[in-house]
1. Could you tell me how far the Cα centroid of segment 1-36 sits from the Cα centroid of segment 188-227, in Å?
2. Projecting each Cα onto the charge dipole of segment 39-165 (Lys/Arg +1, Asp/Glu -1 at the beta carbon, about the Cα centre), which of ILE42, LEU137, PHE82 comes out farthest on the positive side?
3. Of the beta bridges DSSP finds with both residues in the chain, what % are antiparallel, to the nearest 5?
4. State the answer as a single residue: which of SER53, ALA179, THR97 lies farthest towards the positive end of the charge dipole of the chain, with beta carbon charges of +1 for Lys and Arg and -1 for Asp and Glu, about the Cα centre.
5. Net charge around ILE81, counting only other residues with Cβ within less than 15 Å of its Cβ (Lys, Arg = +1; Asp, Glu = -1)?
6. Under a cut-off of 25 Å between alpha-carbon atoms, report the lysines in cross-link reach of LYS189, not counting same-chain residues fewer than 8 places apart.
7. Calculated FRET efficiency, TYR187 and LEU137, Cβ-Cβ r, R0 22 Å, to nearest 0.05?
8. May I ask you to order 85-93, 9-17, 31-39 by the average number of other C-beta atoms within 10 Å around their residues, highest value first?
Amino acid sequence: MIVIVDSGATKADWIALDDKGEQVFMTQTLGLSPEVLTPEVIVERLANNFELSKNSRKVRRLHFYGAGCGTLRMRKFLKKIFKEFFPNAQVEVKEDTYAAIYSTTKVGHQGIVCILGTGSNCSYYDGHQLFQKVTSLGYIPMDDGSGNFFGRKLIRDYYFHKMPQDLALKFSKEYNLEADVIKENLYKKPNPNTYLATFARFLVENKDHAYSKGVIDKGLQQFVNNYIMQFELATKVPIHFVGSIAWFLRDELKTVIERNDLVLGVIRQRPIEGLMEFHKQTI
């Protein structure tokens, strides 16, 4: 059995294939970001999934693509955990950028591939190899244009009284915005980046409001400036996107991309389907 995983900070999609490439099961767990989770929490999330627990010894190959796996230390950290949980499997751990590439770009084709979900990232793919200009420092100083970026912006504007009154009232009715609750989620509970990203839903649902339009446009433009424009070939190759923010704000994203004389490529909400087709070729 071959298992393919696309893990963001919020959730992880799992697909299992048999030796003929037929789907055995598809399931989902909470995200398995090694930067913010302990081994105990990761094992618990695996063990609490019925399909994974039942089939753990049947897995012979595990291809894991995850947020927070950009460094060798984090990849080794996860690989050790997976080798223990799936004792008969050959384990491959790569950063989630590769999932984005394999699901949007064909081998031999150039492109810039971006992630805009809970977090954000951007890479150049020359058709065979991956190149990055920006090393991610995580959600606090970086992640421009992401869910947690927009969530942080909304909370700040609400508390600094910069959010229009009508929207602020609506915002306060949909979320618990008490200072103690926010601080507990940010500084005491796991996955503060995922918590911040939950507020981005409000921005998407109210994206036609003048305030929201300004926040979205500025955030996406900031992503273009700081990430995409790092590459000299930015205006000459297609720009592909994966992630919930890219998907639900695809019209706004298209506007920003075209305004910067860039070529918009494929936009996928979830790369797992494309990953499945990619790995079927290796069975």
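Taken together, the values in this text are just the output of simple stated rules run on the coordinates, not laboratory data. Keep in mind the model is a prediction, meaning the values are calculated, not measured. Virtual Cβ from ideal backbone geometry, glycine too; neighbours counted across all protein chains shown.
1. Between the Cα centres of segment 188-227 and segment 1-36 lies a distance of 26 Å.
2. The residue sitting farthest along the positive end of the dipole is PHE82.
3. Numbers: 21 of 41 bridges.
Antiparallel bridges make up about 50 percent of those DSSP assigns within the chain.
4. The residue sitting farthest along the positive end of the dipole is SER53.
5. Details: positive: ARG45, ARG73, ARG75, LYS76, LYS79, LYS80, LYS83; negative: GLU35, GLU40, GLU44, GLU84, GLU92.
Summing Lys/Arg as +1 and Asp/Glu as -1 gives +2.
6. Filter leaves LYS11, LYS76, LYS79, LYS80, LYS153, LYS173.
7. On the way: r = 18 Å, r/R0 = 0.84.
For R0 = 22 Å, the calculated efficiency reads 0.75.
8. 9-17, 31-39, 85-93
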